[in-house]
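Undergrad: A single structure is presented below for examination.
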Amino acid sequence: MPRKLIGQRRPVRAFPDGFPDRLKRLQAESGLSWAEISRRLGTHPETVRRWKEGQARPNAGHILALCQLADDLALGHLIRD
(Lines give C-alpha, C1' and ligand atoms only; values in the text may rest on other atoms or scores of the structure.)
Protein backbone atom coordinates (compact mmCIF):
# COMPACT_ATOMS: atom_id res chain seq x y z
CA MET A 1 0.00 0.00 0.00
CA PRO A 2 1.46 3.42 -0.93
CA ARG A 3 2.42 5.74 1.87
CA LYS A 4 0.69 9.09 2.14
CA LEU A 5 2.35 12.28 3.22
CA ILE A 6 0.18 14.08 5.72
CA GLY A 7 1.13 17.71 5.88
CA GLN A 8 4.80 16.99 5.28
CA ARG A 9 6.71 18.39 2.35
CA ARG A 10 10.35 18.59 1.57
CA PRO A 11 11.79 22.07 1.89
CA VAL A 12 11.89 23.95 -1.38
CA ARG A 13 15.32 25.25 -2.28
CA ALA A 14 15.76 28.40 -4.30
CA PHE A 15 16.62 27.67 -7.91
CA PRO A 16 19.06 30.01 -9.63
CA ASP A 17 17.32 32.85 -11.42
CA GLY A 18 17.75 32.81 -15.16
CA PHE A 19 19.07 29.24 -15.29
CA PRO A 20 18.11 28.70 -18.96
CA ASP A 21 20.00 31.86 -19.92
CA ARG A 22 23.03 30.77 -17.90
CA LEU A 23 22.98 27.39 -19.61
CA LYS A 24 22.79 29.03 -23.05
CA ARG A 25 25.73 31.32 -22.21
CA LEU A 26 27.75 28.32 -21.03
CA GLN A 27 27.09 26.54 -24.33
CA ALA A 28 27.93 29.61 -26.41
CA GLU A 29 31.16 30.44 -24.58
CA SER A 30 32.35 26.85 -24.31
CA GLY A 31 31.89 26.12 -28.01
CA LEU A 32 30.42 22.72 -27.15
CA SER A 33 27.37 21.41 -28.94
CA TRP A 34 24.23 20.67 -26.97
CA ALA A 35 24.75 16.98 -27.74
CA GLU A 36 28.27 17.14 -26.28
CA ILE A 37 27.04 18.92 -23.16
CA SER A 38 24.35 16.29 -22.61
CA ARG A 39 26.90 13.51 -23.16
CA ARG A 40 29.28 15.03 -20.62
CA LEU A 41 26.47 15.43 -18.10
CA GLY A 42 25.26 11.88 -18.65
CA THR A 43 21.76 12.83 -19.66
CA HIS A 44 19.57 12.65 -22.75
CA PRO A 45 19.75 15.59 -25.19
CA GLU A 46 15.98 16.06 -24.86
CA THR A 47 16.44 16.65 -21.13
CA VAL A 48 18.99 19.39 -21.77
CA ARG A 49 16.64 20.94 -24.33
CA ARG A 50 13.90 21.13 -21.69
CA TRP A 51 16.34 22.77 -19.26
CA LYS A 52 17.38 25.43 -21.76
CA GLU A 53 13.75 26.17 -22.63
CA GLY A 54 12.77 26.41 -18.96
CA GLN A 55 10.36 23.47 -19.18
CA ALA A 56 12.23 21.42 -16.57
CA ARG A 57 14.88 21.80 -13.90
CA PRO A 58 17.94 19.62 -13.44
CA ASN A 59 18.14 17.47 -10.34
CA ALA A 60 20.90 17.92 -7.75
CA GLY A 61 23.18 15.37 -9.43
CA HIS A 62 22.91 17.12 -12.77
CA ILE A 63 23.51 20.52 -11.15
CA LEU A 64 26.72 19.19 -9.60
CA ALA A 65 27.81 17.68 -12.92
CA LEU A 66 27.03 20.95 -14.69
CA CYS A 67 29.05 22.95 -12.15
CA GLN A 68 31.95 20.52 -12.54
CA LEU A 69 31.78 20.80 -16.33
CA ALA A 70 31.73 24.60 -16.11
CA ASP A 71 34.70 24.55 -13.74
CA ASP A 72 36.62 22.20 -16.04
CA LEU A 73 36.06 24.67 -18.87
CA ALA A 74 37.02 27.64 -16.62
CA LEU A 75 33.46 28.97 -17.04
CA GLY A 76 32.09 28.34 -13.56
CA HIS A 77 31.27 32.02 -13.17
CA LEU A 78 28.55 31.62 -15.81
CA ILE A 79 26.64 29.10 -13.70
CA ARG A 80 27.14 30.55 -10.24
CA ASP A 81 26.65 34.06 -8.93
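The values are calculated or read from the model by the stated rules, or taken from the named source; none is laboratory data. Predicted model only: the values in this text are computed from it and were never measured. Because the Cβ atoms are built from the backbone with ideal geometry, glycine has one as well, and the counts that use them run over all protein chains shown. Keep in mind that these areas ignore ligands, DNA and RNA; they rest on the heavy atoms of the full protein, side chains included. Shrake-Rupley method; radii C 1.70, N 1.55, O 1.52, S 1.80 Å.
Undergrad: Out of the range 33-81, which GluC sites (Glu not before Pro) are coil in DSSP terms and have no more than 11 other C-beta atoms within 10 Å?
TA: Values: sites: 36, 46, 53; in loops: 53.
When the GluC sites (Glu not before Pro) of the range 33-81 are filtered for loop state and at most 11 Cβ neighbours within 10 Å, 53 remain.
Undergrad: Shifting gears a bit: Accessible area of the range 29-81 with a 1.4 Å probe: how many percent of it is carbon plus sulfur?
TA: 50 percent
Undergrad: Considering only protein heavy atoms, what per residue accessible area in square angstrom results for the range 17-69 with a 1.4 angstrom probe? Show your work: numbers first, answer last.
TA: Working: 3060 Å² over 53 residues.
Here the per-residue accessible area is 58 Å².
Undergrad: Around residue 27, what is the net charge, scoring Lys/Arg as +1 and Asp/Glu as -1 over all other residues with Cβ under 12 Å from its Cβ?
TA: Working: positive: 22, 24, 25, 40, 49, 52; negative: 21, 29, 36.
Summing Lys/Arg as +1 and Asp/Glu as -1 gives +3.
Undergrad: Also, I was wondering about something else. Roughly speaking, what is the stretch gain from residue 21 to residue 71, that is 0.36 nm per residue apart minus the C-alpha to C-alpha distance, in nm to one decimal?
TA: So the chain would gain 16.2 nm between residue 21 and residue 71.
Undergrad: Between residue 46 and residue 64, what is 0.36 nm times their sequence separation minus the Cα-Cα distance? Round to one decimal in nm.
TA: Working it through step by step, the gained length comes to 4.6 nm.
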